[in-house]
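Following: one structure in structure tokens, then a few remarks.
The values are calculated or read from the model by the stated rules, or taken from the named source; none is laboratory data. Everything numeric here is computed off the predicted structure, so don't read it as measured data. Counting neighbours? That spans all protein chains shown, and the Cβs are built from the backbone with ideal geometry, glycine included. We work out accessible area using only protein heavy atoms, side chains counted, and drop any ligands, DNA or RNA first. Shrake-Rupley method; radii C 1.70, N 1.55, O 1.52, S 1.80 Å.
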Amino acid sequence: MTLRTTASGTSLSRRRLLTTGAAALGGAAGASTLSSCALGGGSQEPLQFWQFYAPVDQQDPNLLAQSQWFLDRIAEWEAAGERPVEPVYIPGYTDPTNTRLTTAFASGNGPDIFLISPGDFLRYYNGGVLEDLTPYMDEEAIADFYPQALATRTVDGRIYGLPMEQEPLAIFYDVATFEEQGLSEADLPTTWEQMLELGRQMTGGERAGLVFETLPGYYQNFTFYPWLWQSGGDVIDTETQTPIFSGDAAVQALSLFQDAIATGAAPRTRPANGDIVSAMTGGYAAMWQGGIFDVAALAQNAPDYDYGIFSLPAPPGGETTTCLGGWAWCVNARGKDPEAAARFTVEVMGSMRQESIDAGVEWNGVAKGNIAARASVTEAIGDSGAFEDPILQQFRDEILPSGRAEPRFPPVIYKAVSNAIQSTMLGGADPVRQAEIAQDAIESYLETYEGGPLL
């Protein structure tokens, strides 16, 4: 097998080929159409910033706080006399079936600034549309980012995205349900078997005992990776850049998701339309695999609700591991004004200016309640008292240290894993066979892959 990697994103060929709903970038033409984006209009035309936070027109206090954070950053930038920035709210931005962003780039009309998760990085890097942000940053600011947060946005020491946050996963649980079952903190599961048994025990009526993500997409893969890692496996061996998904670890992780559904420990669809606040507070879920991003939603919308979290249980011989997600700001290298867009991105997200650090504190410590991606922000949050919430402290002190960065896989690899999860979890297919099918698809793809290294 030949795996060819290059440092430059301008001549690379493949990214989002098989992701659900991404037909606009189908086949090997995906990267070439991304690379066709032309330079835009006049100097006074606002830079477009596509994201899923601002502006919002609703009453949810959590969403309003996050929206205002973006609007404030733009207002500060424009007040300094810089080129205007127009925030463009994209409904369903994180939905894998939403092709608006990919279609915009394919047609040469990609936004100037946009958000991507680690799982989507190589689509844009391999397409050659990511502006190199390294020249705009000081060495001190680069060193301020935690390595695991920046690594998935870096190729050959060059930075192509600035992370806003780190988002570890855990299991949320309803305290009242545990007490009804005569259980206490001492009974929190530490193994897969214990977790599934509690899930079955707590399932009844309209209540699901344990909730996993069931919809295919980058998020489901994100929630699956920790269970795979705990078993000692992976999708790609990072040293050799070769696939290793057909081993026992992948079979065990796929079997876990399958057994959760087959035994009735977990439902086939998430209750309350996937809204953890409504599900947990309404008595529709006893345990829920979620992330630190859910803490702010619960605090804002159900401040008196009594819940706890615990680390993802591990299989026999394994160690608890979580996955660290989070969104990053990226700049379109073929946008209207990449230089201005890069300066805006770096001033807000990657500068040692006090304003940049304060913005990180407000985002991670107040508006969203995440783990910061930068040491200076973490230190400032510690001084601010924003993490007085014991749940956030538990995420920071207990769960974060067991985290690994969310992988950045091209779409064929993502889709091969996603197909295996869906076929086994909801289709009842043989995990051994599905792991082999995924392995074969990944091996075949990597025979001709040209792009950034897989992490």
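Among residues of the stretch 364-380 being part of a helix (DSSP H, G or I) and at pLDDT below 95, the one that is most open to solvent (accessible area, probe 1.4 Å) is Glu379.
Taking the criterion of being assigned to a helix (DSSP H, G or I), touching a residue at least 40 places away in the same chain (Cβ under 8 Å) and surrounded by fewer than 24 Cβ atoms within 10 Å (Cβ to Cβ), the residues of the stretch 400-418 that qualify are Leu400, Ser402, Val412, Ser418. For beta carbons closer than 8 Å, sequence separation of 6+ or different chains, a first residue in the stretch 282-303 that is in a helix (DSSP H, G or I) and a second that is modelled with pLDDT of 95 or more and charged (D, E, K, R), the qualifying pairs are Phe293/Glu167.
Which count do you get for residues in the stretch 381-398 that are part of a helix (DSSP H, G or I) and either modelled with pLDDT of 90 or more or exposed (fewer than 11 other Cβ atoms within 10 Å of the Cβ) (or both)? Walk me through how you get there before you give the answer.
Residues of the stretch 381-398 that are part of a helix (DSSP H, G or I), as a first pass: 381-384, 386-388, 390-398.
After this cut, where a residue has to be either modelled with pLDDT of 90 or more or exposed (fewer than 11 other Cβ atoms within 10 Å of the Cβ) (or both) as well, the list is 381, 383, 388, 390-398.
The qualifying residues number 12.
Based on this model, can you work out whether Gln166 counts as modelled with pLDDT under 95, surrounded by 14 or more Cβ atoms within 10 Å (Cβ to Cβ) and closer than 29 Å to Gly365 by Cα? Taking the combined requirement at face value, the residue does not satisfy it.
Meeting the requirement of 1 or more residues that are surrounded by fewer than 19 Cβ atoms within 10 Å (Cβ to Cβ) and not β-branched (Val, Ile, Thr), the helices (runs of 4 or more DSSP H) wholly within the stretch 79-157 are 100-106, 139-144, 147-150.
Go through the stretch 284-306 and give me each residue that's of a type in the set (Asp, Glu) and open to solvent by less than 50 Å² (accessible area, probe 1.4 Å). Before you say what the answer is, go through the steps one by one.
The first filter runs over the stretch 284-306 and keeps only residues of a type in the set (Asp, Glu), leaving 294, 304, 306.
Answer for the stretch 284-306, where residues must be of a type in the set (Asp, Glu) and open to solvent by less than 50 Å² (accessible area, probe 1.4 Å): just Asp294.
Can Glu213 be described as assigned to a loop (DSSP other than H, G, I, E, B), among the charged types (D, E, K, R), within 23 Å of Phe121 (Cβ to Cβ) and modelled with pLDDT under 95? It is false that Glu213 is assigned to a loop (DSSP other than H, G, I, E, B), among the charged types (D, E, K, R), within 23 Å of Phe121 (Cβ to Cβ) and modelled with pLDDT under 95.
Taking (1) modelled with pLDDT under 90; (2) open to solvent by less than 40 Å² (accessible area, probe 1.4 Å) in turn, Trp69 satisfies each apart from (1). Within the span defined as the stretch 75-86, one or more residues are under 30 Å from Asn301 (Cα atoms) and free of Cβ contacts under 8 Å to residues at least 40 places away in the same chain. The set of residues from the stretch 347-376 being of a type in the set (Val, Ile, Thr) and in contact (Cβ under 8 Å) with a residue 40 or more places away in the chain comprises Val348, Val366, Ile371.
Name every residue in the stretch 310-332 that is among the aliphatic types (A, V, I, L, M) and surrounded by fewer than 22 Cβ atoms within 10 Å (Cβ to Cβ), in order of residue number.
Here is the first cut: in the stretch 310-332, the residues among the aliphatic types (A, V, I, L, M) are 312, 314, 324, 328, 331.
Of everything in the stretch 310-332, just one residue is among the aliphatic types (A, V, I, L, M) and surrounded by fewer than 22 Cβ atoms within 10 Å (Cβ to Cβ), namely Ala314.
Restricting attention to the stretch 304-336, report how many residues are closer than 20 Å to Ile116 by Cβ, assigned to a loop (DSSP other than H, G, I, E, B) and out of contact with any Pro (no Cβ under 8 Å at 6 or more places or on another chain). It would help to see each step written out before you state the result.
Of the residues in the stretch 304-336, the ones closer than 20 Å to Ile116 by Cβ are 323-336.
Within this subset, residues satisfying the condition of being assigned to a loop (DSSP other than H, G, I, E, B) are 326-327, 333-336.
Subset that is out of contact with any Pro (no Cβ under 8 Å at 6 or more places or on another chain): 333-334, 336.
Result for the stretch 304-336: 3.
If you go through the stretch 427-455 and keep only what is open to solvent by 10 Å² or more (accessible area, probe 1.4 Å), hydrophobic (A, V, I, L, M, F, W, C) and either out of contact with any Lys or Arg (no Cβ under 6 Å at 6 or more places or on another chain) or without any contact (Cβ under 8 Å) to a residue 60 or more places away in the chain (or both), you end up with Ala429, Val432, Ile437, Ala441.
Selection of the stretch 184-210 for residues being among the hydrophobic types (A, V, I, L, M, F, W, C) and at pLDDT below 95 yields only Ala186.
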